[in-house]
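One structure below.
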Amino acid sequence: MGYCLMKQLQVLLVAGTHGNEVNSIWLFDEWNKSPFLINTHGIKTCKVIGNPEARKAGKRYIYQDLNRSFQKESFLSLSPSNFESIRANELVNLYGAEGKTPCQIALDFHTTTASMGSCLVVYGRRDADLALASLIQNQLGLPIYLHESDQKQTGFLVETWPCGLVVEIGPIGQGLLSSRVISKTKLILETLMQQIHQVKKLNFFFPEKLIIHRHIKSIDFPRDDRGNIDGLVHSLRQSKDWHELKKDDELFSKMNGETIRFEEDQSYIPVFINEASYAEKNIAMSLTKRELWDFKKEWKKSLIDLVHQK
Ligand SMILES: [Zn+2]
């Protein structure tokens, strides 16, 4: 018997990066009890609960949002109360590409209270991320939300791995289990593993085009002088994620009967409308542009090289 020095592909699977998004946590717990519950198509995986303390507390986070804590600078000065920065550091040391148990791909499972159905979130424009997202869009028809150029929103978990996607499934209340959400999580997880396996076997089908919803900006609720929300998402806008928002469309309504309308000349596609956890981030919804992109060969090469550990 000799030592095998060849690096092996490992995929990090994260549930409960937000402690009150309980469906993927529950699925992982069931999976731990029944190892064959999820078909990983022979790909090695490491599965973790992102924020176990927040999970225990039934909260999104304890000190700060874990999914904004993967900042290189914050690793340098860790205060003991900053539980999430410490946890981010720990996850990178354990499962980062240079960690003890190195993983090259990270898949981070979330839920949203917004009526968005299922979608993939890609951060920035990394080739391997776009290749993997294209494979999944081709299999399941999921929308891809490209999050970039938002200076206020940084430090996402998946950005710390060479390739990583967030899966968002909604709508579901925080802390609420749902068979519908569990089934979708399982389907998307198994499709991801199947497609990574296909890339390993060099037997894949990349589409020629992909549909991207590119983040442009986020807008806040109307607020009073003290900063409290004093207008609600308009009833005609609520649950209209992925539907076009045009000039003069109803946006917010106030209790005095006033309707606040969208004033810009250009139209957008809103997502994360009235997401419960974003009010604290001053986000009532995020506005995207729907774009049709050509698939690029270098995306494919990047993912193949990563999966084959070149
Ligand atoms: Zn989340």
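The values are calculated or read from the model by the stated rules, or taken from the named source; none is laboratory data. Just so you know, these numbers come straight off a predicted model, no measurement behind them. Using ideal geometry, Cβ is built from the backbone for each residue, glycine included, and neighbour counts are taken over all protein chains shown.
Working only within region 94-110, note down all residues that are farther than 22 Å from ASN23 by Cβ and either among the charged types (D, E, K, R) or assigned to a strand (DSSP E or B) (or both).
GLU98, LYS100
For region 37-83: of the residues being more than 13 Å from GLY16 (Cα to Cα) and aromatic (Phe, Trp, Tyr), which is modelled with the lowest pLDDT?
Across region 37-83, the extreme among qualifying residues is PHE75.
With the requirement that a residue be over 23 Å from ASP294 (Cβ atoms), among the hydrophobic types (A, V, I, L, M, F, W, C), assigned to a loop (DSSP other than H, G, I, E, B) and in contact (Cβ under 8 Å) with a residue 60 or more places away in the chain, what does region 204-250 give you?
PHE221, the sole residue that qualifies.
If only one of SER85, SER79 is assigned to a helix (DSSP H, G or I), in the same structural domain as ARG180 (by TED's automatic domain parsing) and over 28 Å from GLU190 (Cβ atoms), which one is it?
Result: SER85 is the single residue among SER85, SER79 that is assigned to a helix (DSSP H, G or I), in the same structural domain as ARG180 (by TED's automatic domain parsing) and over 28 Å from GLU190 (Cβ atoms).
I'm checking my understanding of the structure. Among residues of region 151-199 that are among the charged types (D, E, K, R) and within 16 Å of the ligand (Cβ to nearest atom), which one is nearest to the chain's Cα centre (by Cα)?
Per the stated criteria, the residue is GLU168.
For residues that are outside any strand (DSSP E or B) and surrounded by 18 or more Cβ atoms within 10 Å (Cβ to Cβ), tally how many sit in region 36-53.
Residues meeting the conditions: 5.
May I ask you to list the residues in region 99-117 that are polar (S, T, N, Q) and closer than 22 Å to ASP150 by Cα?
Matches in region 99-117: THR111, THR112, THR113.
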